[in-house]
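What follows is a set of notes on a single structure, which appears directly below.
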Amino acid sequence: MKTKKLHQDKVNIITLGCSKNMVDSEVLSGQLLANEIDTVHESTKKDHNIVIINTCGFIEKAKEESINTILDQVELKRRGKLDKVYVTGCLSERYKNNLETEIPEVDAYFGTMELPMILKQFEADYKAELIGERLLSTPSHYAYMKISEGCNRTCSFCAIPLMRGKHSSRPIESLVDEAKRLVQRGVKEVMLIAQELTYYGLDIYKQRELPKLLHALADVQGLEWIRLHYAYPSKFPIDIIDAIKERPNICNYLDMPLQHASNNMLKAMKRQITREEMEDLIGDIRHRIPDICIRTTLIAGFPGETRDDVEELKTFLQKMRFDRVGTFTYSHEEGTTAHDLVDNISAEEKEERAQEIMEVQQEISLEKNQEKVGKVFKVMVDKKEAGRYLGRTEFDSVEVDNEVIIQSKKKLAIGDFVQVKITKAYDYDLEGEVV
Ligand code: SF4
């Protein structure tokens with residue numbers, strides 16, 4: 001049953017998955033709006049007649065969420081609440097043929113690199129001059145910047161290269177231009193993201209050029225915080241750390257997924273690095289910037305992981321005392337080389353191991369937070385919730401790290417920086433008063 005077109009088409013974009021997917025949705029929104037197609041992002045209002053779902057296909061849980069979202073939207077279409085449902089993103093890239101067969105109610109499926117094809121559905125043109133122009137879905141004082149797409153690494157558990165292709169860097173000039181536009185719109189902090197940050201430039205400049213990019217971005221007036229996410233440890237270009245040290249507006253922060261610490265697991269995961277090399281690297285990084293905040297990500301329950309491997313990972317955490325840790329449970333992904341291994345650890349056991357690892361980290365996180373009591377930090381005011389201001393120090397990225405509960409007698413402006421003296425420490429948060 002076709003809804004009576006009472007109004008101009010209005011598109012609602014629904015984004016699932018990671019910050020890289022979110023940037024893609026922001027770029028798509030910018031292109032649709034520039035073609036005068038009314039577009040919103042994650043709208044809860046029911047005033048749109050077309051939906052584009054930007055899916056995630058990384059691990060089992062994410063795939064389930066994507067499929068359920070598609071089914072919800074095609075159900076709305078069946079009930080005449082929507083005219084069109086389009087699907088793009090990683091799940092669509094990876095399983096297009098299956099999806100076309102299993103959920104034929106979707107009007108069209110697109111891959112991760114098919115933005116112009118999506119625009120064609122709206123008789124809209126891709127406007128290259130808009131590079132960097134996007135409808136931000138983050139609060140206006142911070143934004144993600146995707147510096148490259150794809151990945152050339154071969155981690156055995158990872159399906160991302162299957163969905164995002166080979167590594168391709170965006171030129172420094174284009175990124176600096178984008179940063180300037182973002183600052184003009186009120187952005188003070190950018191999170192640099194990629195599948196693998198340290199590879200930046202190897203394709204277009206034939207050498208690693210992340211430090212050069214960092215200095216160019218740090219020169220952008222008004223950019224107060226530049227933050228690095230998704231750095232790969234193997235063959236890590238240590239001059240990245242020197243750039244962080246030299247430039248006050250590059251946060252003393254580094255997100256470097258390590259995934260495991262037992263050499264058996266690192267080898268089976270094809271991480272191209274050993275525990276000893278990781279310890280040396282982190283030691284070198286901390287030698288150069290003693291107060292740098294290091295975030296890492298780990299996988300629990302990889303095929304063949306023994307109790308000894310888990311114990312080794314826990315002792316590694318106790319020894320290295322990372323500031324921030326996230327743990328995923330292993331997902332057996334077809335098309336990856338790990339899929340040839342026997343997924344011999346039950347889902348419950350995987351969860352238990354992840355829990356064990358995070359219990360070790362919880363203690364470390366509290367101890368490190370307690371060391372901050374009495375100290376004063378520059379804090380970005382992010383939001384006001386339940387009458388309380390919440391913010392972050394330079395050691396905390398958005399959504400994944402600690403928050404600072406800010407006690408303030410006077411009204412604070414969202415997006416402003418304030419000096420906060422820490423008065424209380426919690427496992428994963430701090431509390432303090434404006435000074
Ligand atoms: S570096 Fe990251 S994106 Fe690339 S294969 Fe490894 S886990 Fe996947």
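At a glance:
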quantity	calculated
Test: residue in region 88-103 that is assigned to a loop (DSSP other than H, G, I, E, B) and either under 13 Å from Leu28 (Cβ atoms) or not assigned by TED's automatic domain parsing to the domain that holds Ile226 (or both)	yes
When residues of region 25-65 are limited to those that are under 15 Å from Ala124 (Cα atoms) and in a helix (DSSP H, G or I), the one most open to solvent (accessible area, probe 1.4 Å)	Leu33
Residue in region 202-223 that is within 16 Å of the ligand (Cβ to nearest atom), crowded, with 20+ Cβ neighbours inside 10 Å and closer than 14 Å to Tyr144 by Cα present	no
Residues within region 224-243 that are within 16 Å of the ligand (Cβ to nearest atom) and either touching a residue at least 40 places away in the same chain (Cβ under 8 Å) or of a type in the set (Ser, Thr, Tyr) (or both), tallied	7
Filtered residues of region 302-325 (kept if outside any loop (DSSP other than H, G, I, E, B) and open to solvent by 20 Å² or more (accessible area, probe 1.4 Å))	Arg307, Asp308, Glu311, Glu312, Lys314, Thr315, Gln318, Lys319
Some residue of region 321-344 being polar (S, T, N, Q), closer than 17 Å to Asp427 by Cα and in the same structural domain as Pro161 (by TED's automatic domain parsing)	yes
Complete set of residues in region 85-111 that are buried (at least 18 other Cβ atoms within 10 Å of the Cβ) and among the charged types (D, E, K, R)	Glu93, Arg94
Test for Leu135: is it within 16 Å of the ligand (Cβ to nearest atom), out of contact with any Phe, Trp or Tyr (no Cβ under 9 Å at 6 or more places or on another chain) and either part of a strand (DSSP E or B) or not assigned by TED's automatic domain parsing to the domain that holds Val51 (or both)	no
Residue that is nearest to the chain's Cα centre (by Cα) [pool: residues in region 156-172 that are within 8 Å of the ligand (Cβ to nearest atom) and open to solvent by 20 Å² or more (accessible area, probe 1.4 Å)]	Ile160
Residues that are touching a residue at least 60 places away in the same chain (Cβ under 8 Å) and open to solvent by 10 Å² or more (accessible area, probe 1.4 Å), drawn from region 244-270	Asn252, Gln259, Ala268, Lys270
Filter result for Glu114 (more than 16 Å from the ligand (Cβ to nearest atom), at positive phi and surrounded by fewer than 21 Cβ atoms within 10 Å (Cβ to Cβ))	no
Number of positions in region 346-366 that are touching a residue at least 12 places away in the same chain (Cβ under 8 Å) and under 19 Å from Lys319 (Cβ atoms)	10
One residue from Ser148, Ser169, Ser174 being assigned by TED's automatic domain parsing to the domain that holds Ile285, farther than 30 Å from Thr44 by Cα and modelled with pLDDT under 95	Ser174
Members of region 181-201 found to be away from the ligand (no atom under 16 Å from the Cβ) and in contact (Cβ under 8 Å) with a residue 60 or more places away in the chain, listed by number	Gly186, Lys188, Glu189, Met191
Meets criteria (in contact (Cβ under 8 Å) with a residue 60 or more places away in the chain and exposed (fewer than 15 other Cβ atoms within 10 Å of the Cβ)) for Lys120	no
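The values are calculated or read from the model by the stated rules, or taken from the named source; none is laboratory data. Note that the structure is a prediction, hence the values are computed from the model and not measured. When we count neighbours, we look across all protein chains shown, and the Cβ atoms used for this are built from the backbone with ideal geometry, even at glycine. Accessible surface is based on the protein model in full, side chains and every heavy atom, while ligands, DNA and RNA are left aside. Shrake-Rupley method; radii C 1.70, N 1.55, O 1.52, S 1.80 Å.
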